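Read-outs throughout are calculated quantities, based only on the coordinates presented, and are distinct from any laboratory measurement. Because the structure is a prediction, the values reported are computed rather than measured. With ideal geometry, Cβ positions are generated from the backbone for all residues, glycine too; neighbour counts draw on all protein chains shown.
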Amino acid sequence: MKEFFAVFSAELLKAKRSLLLKVSLAIPAGIMLFEWIGALQRNTLGIQPGVNFWSAIAEHISRIWIFLLFPLLITLQTALIGETDYREGTWKVVCSQPVKRWMAVAAKQCLAVLAAFISLICLLLCLLLFGFSLGILKPEFQVSAYIPLAELGWFFLAPFVISLLIISFQTWVSLNWGNFIVSCSTGITFTLVALFLFDHKYSRFFPWDFPGLGLYRLIDGKPVDDLLYLSLALCAGITLAANLWLSNKQVDR
Amino acid sequence: MNVIQTEALLKNFGNLTAVDCVDLAVPAASVYGFLGPNGAGKTTTIRMLLGLIQPSGGRVILFGKEYDDNRMEILKRVGALVEQPSLYPHLTGWENLEIIRRYRSLERVEITRVLELVDLAKDSRRLVRHYSTGMRQRLGLAIALMGMPPLLILDEPTNGLDPAGIHEIRALITRLSQSFGVTVFLSSHLLNEVEQIATCIGIINNGNLIFQGTQDDLRLKIPQCVHFELDYPEAAKKVLEAEGRTVKVVSASGVLVPIDGRADTASLSRRLINNGISITEMRIDQPTLEDIFLDLTEAAGAAK
């Protein structure tokens with residue numbers, strides 16, 4: 001375990017001053033900034049009477065976030081993680097160190113999860129800031145003093161956990177091809193396919209639609225346990241397969 | 001004991017054989033110059049030694065142990081610089097070394113030590129993207145030196161260095177080998193780069209190891225020649241060829257004849273004078289290692 005943490009800490013150091021950290025914070029903050037500017041220009045937010053302000057806003061933001069921005073952000077983050085060691089050929093340096101290859105791969109997968117989680121936390125913090133500032137600047141919006149934190153957290157956390165499957169797959173793509181364009185185009189293609197496929201009966205078989213399906217169930221007050229377990233099981237499978245594959249892959253660059 | 005030993009090492013890329021049954025034997029504490037023209041198979045061999053690519057056949061034995069069964073143990077004792085130095089440009093020199101320190105679980109003081117060794121201490125807090133080519137090369141070398149591994153595998157380590165930098169690196173390699181007993185496996189396509197420091201030489205061409213041994217062994221591969229400056233080179237050629245000699249007319253007045261020791265020179269000159277040919281100048285031509293290297297690689301290329 002100590003050995004793995006040493007490898008993971010090396011991955012963390014590689015992220016220092018990198019674009020990864022910047023996009024992980026800037027993209028969620030940017031979305032909330034646009035929403036905030038939009039809200040300031042409106043006279044009403046169109047929230048149904050009796051619905052908590054925070055729940056309504058969380059639902060609105062989560063639709064944009066889960067369906068489009070989060071999978072695209074994951075694509076970008078994992079592509080950047082892969083590129084870190086392929087752009088300058090440092091992967092061969094990593095692989096010639098006395099480090100188990102699977103650990104180096106697992107550390108990158110953990111970094112991808114951490115980066116996505118940081119983005120989620122940033123989004124939630126900005127969401128709170130969004131509400132508080134609107135409460136002050138736009139009193140007519142009647143921002144509720146009660147914040148259903150647990151509900152809000154679960155609203156974003158459950159789709160995030162379901163998205164681990166996508167993170168795992170995208171990390172494998174980025175490490176296997178080591179090409180920023182391949183990684184990005186794969187992620188963008190799957191995200192767009194998921195959008196078009198969402199209303200189709202087969203969407204439940206397409207992993208990129210799982211987070212959206214989970215979100216809709218949460219909105220409808222239905223359980224998401226089966227989706228969570230399925231996603232985690234598939235994520236574990238992909239992670240294991242990717243580790244095995246990449247551990248035995250020739251380092252020819 | 002050989003620190004590096006390969007047996008019938010083979011690497012095919014589809015139909016192309018990049019490394020063909022190479023038997024390396026690198027003695028402990030030696031500086032082994034691994035020479036070959038570009039594309040000869042040097043980097044592929046190095047990648048196989050480091051386990052970066054899997055051989056298509058043969059065995060890699062480092063420190064007397066099979067690589068495949070002892071990867072972790074072996075890599076702890078190997079420092080490497082493969083091709084151009086691969087660094088993280090958005091990090092400082094110090095941070096690049098810190099990454100390796102974490103991978104190798106070394107003490108922090110190790111970073112200071114290697115920075116001083118490669119004379120980068122004062123620039124260690126600068127971002128690598130602002131480093132010159134020579135500084136990047138030295139940092140790549142510092143990475144290889146982290147933890148003072150008993151075996152250093154260096155692929156063209158003086159690329160991009162100025163003459164002073166090349167001299168420093170040569171001195172450092174010699175010191176590492178002589179004072180600390182480090183075995184250095186040094187690949188290059190320039191013979192003069194390794195000539196001054198290598199105790200053993202291996203020459204690879206078209207994937208085949210065409211020579212392996214000491215520099216003296218290499219010199220024996222091509223005999224000395226005597227160079228005559230005379231008035232009738234064509235006539236001299238006829239006279240000496242009639243005796244079964246190989247004669248090469250090298251200029252309007254010069255011929256080159258391989259000899260078997262200095263006594264042979266006297267008999268050759270006597271023969272020429274007896275046939276009415278005046279010798280205006282005579283000198284022994286000692287082929288440089290570069291001549292031998294070119295001769296060997298060209299001959300191997302022609303044989304292919």
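For segment B:1-35 and segment A:128-173, compute the distance between their C-alpha centroids and round to whole Å. Between the Cα centre of segment B:1-35 and that of segment A:128-173, the gap is 58 Å.
Ignoring lysines fewer than eight residues from residue A:14 along the same chain, the ones with Cα atoms less than 29 angstrom from its Cα are A:2, A:22, A:92, A:100, A:108, A:249, B:76, B:122. For the pair residue A:236 and residue B:112, what calculated FRET efficiency results from E = 1/(1 + (r/R0)^6), where r is the Cβ-Cβ distance and R0 = 45 Å, to the nearest 0.05? Between residue B:112 and residue A:236 the formula returns 0.60. Residue separation of residue B:275 and residue B:167 scaled by 0.36 nm, minus their Cα-Cα distance, works out to 33.7 nm of gained length.
If R₀ is 30 angstrom, what is the calculated FRET efficiency for the pair residue A:244 and residue A:17, using the beta carbon separation as r and rounding to 0.05?
With R0 = 30 Å, the Cβ-Cβ based efficiency is 0.40.
Modelled label-to-label distance, residue A:117 and residue B:13, 7 Å Cα→beta-carbon offset: nm? If labels sit at residue A:117 and residue B:13, their model points lie 4.1 nm apart. Diagonalising the gyration tensor over the Cα atoms of segment A:46-135 and scaling each eigenvalue by 5 before taking the square root yields semi-axes of 40, 11, 10 Å, largest first.
Report the charge-dipole magnitude of segment B:189-242 in Debye, nearest 20, computed about the Cα centre from +1 at each Lys and Arg Cβ and -1 at each Asp and Glu Cβ. Walk me through the numbers on the way to the answer.
Details: 4 positive and 8 negative charges, 39 e Å.
With only Lys, Arg, Asp and Glu charged at Cβ, the dipole is about 180 debye.
Taking every DSSP bridge with both residues inside the protein assembly as shown, close to 65 percent are antiparallel. For segment A:27-104, trypsin sites (Lys or Arg not before Pro) are listed when DSSP marks them as loop and at most 14 other Cβ atoms sit within 10 Å of their Cβ; the list is A:42. Plainly put, chain B has a radius of gyration that is 1.10 times its Kirkwood radius, both from alpha-carbon atoms, as the Rg/Rh ratio. Note on chain A: semi-axes of the ellipsoid equivalent to its C-alpha gyration tensor, largest first and rounded to whole Å, are 36, 20, 15. Between residue B:66 and residue A:34, the simple label model (points 7 Å from Cα in the Cβ direction) yields a spacing of 5.8 nm.
P(r) tail, segment B:1-151: Cα-Cα pairs separated by more than 23 Å, 43% of all pairs. Taking Cα centre as origin and charging only the Cβ of basic (Lys, Arg, +1) and acidic (Asp, Glu, -1) residues, the dipole magnitude of chain B rounds to 840 debye. Of all lysines in the structure, the ones whose alpha carbon falls short of 20 Å from that of residue B:248, not counting any fewer than 8 places away in one chain, are B:221, B:237, B:238. Mean silhouette area of segment A:106-193, derived from the convex hull of its C-alpha atoms and averaged over all directions, reads 7.7 nm². Peptide A:84-96 is shielded by partner chain Cβ atoms: per residue, an average of 6 of them sit within 10 Å of its Cβ. Is segment B:1-87 rounded, prolate or oblate when judged by the Cα gyration tensor, a ≥ b ≥ c being the square roots of its eigenvalues, rounded requiring a/c under 1.5 and prolate requiring a/b larger than b/c? Rounded, because the longest to shortest axis ratio a/c is under 1.5. The alpha carbon radius of gyration of segment A:165-219, expressed as a multiple of 2.2 N^0.38 Å, is 1.23.
Remark: mean inter-chain Cβ contacts per residue of B:98-111 equal 4, using a 10 Å Cβ-Cβ cutoff to other protein chain atoms. Can you tell me how the protein assembly as shown classifies by the Cα gyration tensor, rounded, prolate or oblate, using a/c under 1.5 as the rounded cut? In terms of gyration-tensor shape, prolate.
In terms of Cα atoms, the Rg and Dmax of segment A:136-239 work out to 16.9, 53 Å.
The packing ranking, built from the mean of other Cβ atoms within 10 Å per residue, places the peptides A:107-116, A:72-81, A:31-40, A:5-14 in the order A:72-81, A:107-116, A:5-14, A:31-40, highest first.
Placing a label point 7 Å from the Cα of residue B:179 along the Cα-to-Cβ direction, none of the residues of segment B:89-106 has a backbone N under 16 Å of that point. Is the C-alpha gyration tensor of segment A:6-155 telling us rounded, prolate or oblate? Criteria: a/c under 1.5 is rounded; beyond that, a/b larger than b/c is prolate, otherwise oblate. In terms of gyration-tensor shape, prolate. Its DSSP H runs of at least 4 residues, each contributing -39,500 (n - 2.57), put the calculated 222 nm mean residue ellipticity of chain B at -11000 deg cm²/dmol, to the nearest 500.
Within chain B, which is the longest segment that contains none of the GluC sites (Glu not before Pro) sitting in a DSSP loop with at most 12 other Cβ atoms within 10 Å?
The reported range is B:108-242.
Averaging Cα coordinates gives a centre for segment B:164-199 and one for segment A:22-96; these two points are 52 Å apart. Taken about its Cα centre, segment B:1-123 carries a charge dipole of about 140 debye when Lys and Arg each add +1 at the Cβ and Asp and Glu each add -1 at the Cβ.
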